[in-house]
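To keep things clear, I will list the structure first and then write my remarks on it.
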Amino acid sequence: MSGTFTLDGREIPFEPGQTVMQAALAAGVFVPHLCYHPEFRPHGSCKLCTMKVNGRPATSCTLPAATGMEVESDTAEINDKRRMLIQMLLVEGNHFCPSCEKSGNCKLQALGYALGVMTPHFTHFFPDRPVDASHPDMLLDFNRCILCELCIRASAEVDQKNVFALSGRGMKKHLIVNAESGRLADTDFAPTDKAAEVCPVGVILRKRRGFAVPIGKRTYDLKPITEQVERFMPVTPATKEKVR
Amino acid sequence: MQILRETQEALGWLSPETITAIAKGVGWPRAKVEGTAGFYSFFHTQPLGRYRVLWSDNVTDRMLGNRDLMQAMCRKLWLEPGRVSEDGLVSVDTTSCTGMCDQGPAVLVNYRAVTRMNPERVAQMADLIRAEVPVAEWPAEWFRIQDNVRRADILLNNAMKPGEALQARTPDPTAVLDEIKKSGLRGRGGAGFAAGLKWEACRDAPGDERYVVCNADEGEPGTFKDRVLLTRQADLVFEGMTVAAYAIGARKGYLYLRGEYRYLLEPLKSVLATRRDAGLLGADILGRRGFDFDIEVHLGAGAYVCGEESALIESLEGKRGVPRNRPPYPVTAGFLGKPTVVNNVETFAAAALIAAKGGDWYRGIGTAKSAGTKLLSVSGDVARPGIYEYPFGVTIADVLADAGAVETQAVQVSGPSGICVADNEFGRRIAFEDIPTAGAFMVFDRSRDMFEVARNFAQFFAHESCGFCTPCRVGTTILKNLMDKIGDGHGTQADISEIFQVSRVLQMAAHCGLGHTAPHPLLDTIEKFRPAYERRLKSLDFEPAFDLDGALAQARQMTGRDDLAAHLENAE
Ligand SMILES: Cc1cc2nc3c(=O)[nH]c(=O)nc-3n(C[C@H](O)[C@H](O)[C@H](O)COP(=O)(O)O)c2cc1C
Ligand code: SF4
Ligand code: SF4
Ligand code: FES
């Protein structure tokens, strides 16, 4: 069913099967997100895209759009919560942006700037997470993993390999690879995999490719993420080319 | 999951090679099997000793002195909690509430429940472990679980013969469903959704197969009424599931039993076998052509979140118990994507009674919006802990009087995710109109420190968060850390306002009920028992969470010292 709903007072059209977030992005409205990716089924775990629908909180990336919904997104109350979610992710892992190869291309960092996150606010957890450098071409720096499961989905759905999975529960939840040894080198992972390019932060990195584009010239250095909504538009025949 | 459990029961733990072999056997990616094993507290991917003793760590166990007993046990076994002994013989640790609050302190030994622990039992148990006596040869008395039924009504007094409810009505699924709708029966697992509407939605959902699932995960700390129903009225529960199957047209049912109730597995299986022999399960039940239905018991493995219905379904499918995105709801896309009814144990038991005696009869019991009776699991500071079945509408004060509670300060109704009721509210009623409950009723007298109660609950939620969504995964740990900071005497007003802020993020953005309700005990106790917090605050505005003296604890332990000189001067 197609129709329209209002988002922060603006009328947004939607196509059958679209979620609130897809419709908003398609209409050119930026929505903060980390676990959403235009080419994958929505996941609903990071909660950055939380909105209020008819006064009640909802996860906009998984909520099917419906006619007449009244949706709030870019409000002080909601952005306040989003800021705190970013801060939670920052203290949960070990994020030292100045030394991170992903700096400038990182969605977590870009959203932090966009939402005005000035400090991590909470006490750092400083978890002990090892780096896996066993693979000849790829590096896994688990310190920065935000558990968005994009690599898992890409490896299972596109690469048909299931290289990545999750283990543990709660704060102990962590990414694992599909090998008895637990090492990436012992999986069939390849640098050409879809899973090698989807990580929104700096976990899955190519070796010997460091700083090819200098800091200051990278994706979100040039323009804030909020002004690059075309990167995230839903993949329909019309939008496919825009999303590389 | 049943393969993982049976393998572990045979081999002691799940080694990397074992996981590889299981993955090959079931045709899953290896990492997915490892992910399932890693999710549940009762599966171990590391050797944890031939004897594993887990102390139930609900606040009611703490009130009965479980911490001192555990320390004593560790001393006797030369152990540290959470560590395996050098010889690989034994490990001792804590676990979330095991549902034995009326007969605590309780432990699980190799996942078998032992209740009423005391210093003598601790000493004997340590000797048996050191002598490597198999658990099967331990005193049978230790493993005896009491029902402690203190007040029985229509459910616990039920004396129907197996099959009576199925035979009572004219053989017509619609008629059965109508009785359930007429009865006003609402779900007993917490949310209180109308059972009749749920069944109808499932019956009407498109699909070639349907499933009936009984939620016997009973993970809410302080709740143990489903355990007693499954002990005393298992037939009634299975009959209720069969009634549901008949009404919606399901051919297969599952009872999801929490891992802590492992000891009930064999008795339940034998009830099912008897029912099969009597023609009450299997093909052409009661000789009605095409009325085919059977039930399997699925054992959980220590994860509170699996009580959430969609997580429970994921777990039934052998996966990590993570709540699904909704919609779609289980009634349209549940187990294996098929329409599925999930109800609580008590809901099914009540449904069987309704099928036998009619919706009008049932509606006449209880209050206007809450038909029927409710089982309460009463524990804590009362003379007579146990199960009390009341018609809906009973006041808190009445329950307290019946249970022999004196000097009561507060009651935690419906467990940590429920509400904390202070003494000026004891006139309130147990009913969906006033205080709804899944069944827990934990009583605290005036000697109890309500801050420590809330801290115990904060630890519970942090331990049980599934970790799927950011706000709950990180937020419950932040809340726990804040409570620890306050509890250790380093808290300030700023930490209290921080609790409020983090709570609002959880309530707004968490993915499931666990995250939404995790802040409740903190917010309730801050509001109703604020002095318990303020006594602990330092007067400063900000106090660093880093505790310099605390950081020396490891050094003290290594040198075996704990004298004054081994502490920083300024530490109190
Ligand atoms: C974190 C969480 C834990 C839950 N645990 C249980 C449980 O142990 N037993 C139960 O019956 N329902 C539990 N529920 C409620 C179930 O999701 C579901 O509503 C219930 O099983 C439906 O049955 P009912 O309608 O008969 O109550 C839990 C819900 C949440 C969010
Ligand atoms: S490695 Fe990257 S893509 Fe994979 S879960 Fe972690 S943050 Fe997400
Ligand atoms: S709220 Fe907690 S338990 Fe529920 S999905 Fe999120 S992390 Fe898991
Ligand atoms: S983008 Fe919606 S939850 Fe992550």
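The values are calculated or read from the model by the stated rules, or taken from the named source; none is laboratory data. What you see is a predicted model, and the numbers here were worked out from it, not measured in a lab. Here the Cβ is made from the backbone with ideal geometry for all residues, glycine too, and neighbour counts use every protein chain on show. For accessibility, only protein heavy atoms count, side chains too; no ligands or nucleic acids. Shrake-Rupley method; radii C 1.70, N 1.55, O 1.52, S 1.80 Å.
Values computed for the structure shown
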item	result
Positions within region A:59-98 being open to solvent by less than 20 Å² (accessible area, probe 1.4 Å) and within 10 Å of ligand 4 (Cβ to nearest atom), in sequence order	A:60, A:61, A:85
Test: residue A:39 is within 30 Å of residue A:160 (Cβ to Cβ), surrounded by fewer than 17 Cβ atoms within 10 Å (Cβ to Cβ) and among the acidic types (Asp, Glu)	yes
Enumeration of residues in region A:34-52 that are of a type in the set (A, V, I, L, M, F, W, C) and within 12 Å of another protein chain (Cβ to nearest Cβ)	A:34, A:35, A:46, A:48, A:49, A:51
All positions within region B:459-472 that are in contact with a helix residue (DSSP H, G or I) (Cβ under 6 Å, 6 or more places away or on another chain) and either under 27 Å from residue A:152 (Cα atoms) or buried (at least 24 other Cβ atoms within 10 Å of the Cβ) (or both)	B:461, B:462, B:464, B:465, B:466, B:467, B:470, B:471, B:472
Within region B:416-449, tally of residues that are in a loop (DSSP other than H, G, I, E, B) and under 29 Å from residue B:462 (Cβ atoms)	11
Residue, farthest from the other protein chains (Cβ to nearest Cβ), within region B:268-303, restricted to residues that are in a helix (DSSP H, G or I), in contact (Cβ under 8 Å) with a residue 12 or more places away in the chain and open to solvent by 40 Å² or more (accessible area, probe 1.4 Å)	B:286
Filter result for residue A:100 (away from chain B (no Cβ under 11 Å) and modelled with pLDDT under 95)	yes
Those residues of region A:169-192 which are crowded, with 20+ Cβ neighbours inside 10 Å and in a loop (DSSP other than H, G, I, E, B), in sequence order	A:169, A:173, A:178, A:179, A:187, A:189
Total residues in region B:493-538, condition buried (at least 23 other Cβ atoms within 10 Å of the Cβ), assigned to a loop (DSSP other than H, G, I, E, B) and either at pLDDT below 95 or within 16 Å of ligand 4 (Cβ to nearest atom) (or both)	2
Check on residue A:102, in contact (Cβ under 8 Å) with a residue 24 or more places away in the chain, in a loop (DSSP other than H, G, I, E, B) and within 16 Å of ligand 4 (Cβ to nearest atom)	no
Some residue of region B:130-141 being closer than 30 Å to residue B:48 by Cβ and open to solvent by less than 30 Å² (accessible area, probe 1.4 Å)	yes
Sole residue being facing chain A (nearest Cβ under 9 Å) and of a type outside the set (Ser, Thr, Tyr), chosen from B:454, B:462, B:532, B:458	B:462
Those residues of region B:225-261 which are part of a helix (DSSP H, G or I), buried (at least 24 other Cβ atoms within 10 Å of the Cβ) and among the small types (Gly, Ala, Ser), in sequence order	B:240, B:244, B:245, B:247, B:259
So residue B:480, is it part of a helix (DSSP H, G or I), of a type in the set (Lys, Arg), more than 11 Å from ligand 3 (Cβ to nearest atom) and open to solvent by less than 30 Å² (accessible area, probe 1.4 Å)	no
Residue that is of a type in the set (Gly, Ala, Ser), touching a strand residue (DSSP E or B) at 6+ places or on another chain (Cβ under 7 Å) and within 11 Å of chain B (Cβ to nearest Cβ), where the choices are A:182, A:170, A:93	A:182
Residue that is nearest to ligand 1 (Cβ to nearest atom) [pool: residues in region A:144-157 that are of a type outside the set (D, E, K, R) and touching a residue at least 60 places away in the same chain (Cβ under 8 Å)]	A:147
Residues of region B:311-353 satisfying the condition of being charged (D, E, K, R) and either open to solvent by 10 Å² or more (accessible area, probe 1.4 Å) or within 14 Å of chain A (Cβ to nearest Cβ) (or both)	B:314, B:317, B:319, B:320, B:324, B:326, B:338
Some residue of region B:372-387 being closer than 30 Å to residue A:62 by Cα, away from ligand 4 (no atom under 16 Å from the Cβ), in contact (Cβ under 8 Å) with a residue 24 or more places away in the chain and more than 14 Å from every other protein chain (Cβ to nearest Cβ)	no
Verdict on residue B:429 being free of Cβ contacts under 8 Å to residues at least 40 places away in the same chain, away from every other protein chain (no Cβ under 14 Å) and either away from ligand 1 (no atom under 16 Å from the Cβ) or open to solvent by less than 10 Å² (accessible area, probe 1.4 Å) (or both)	no
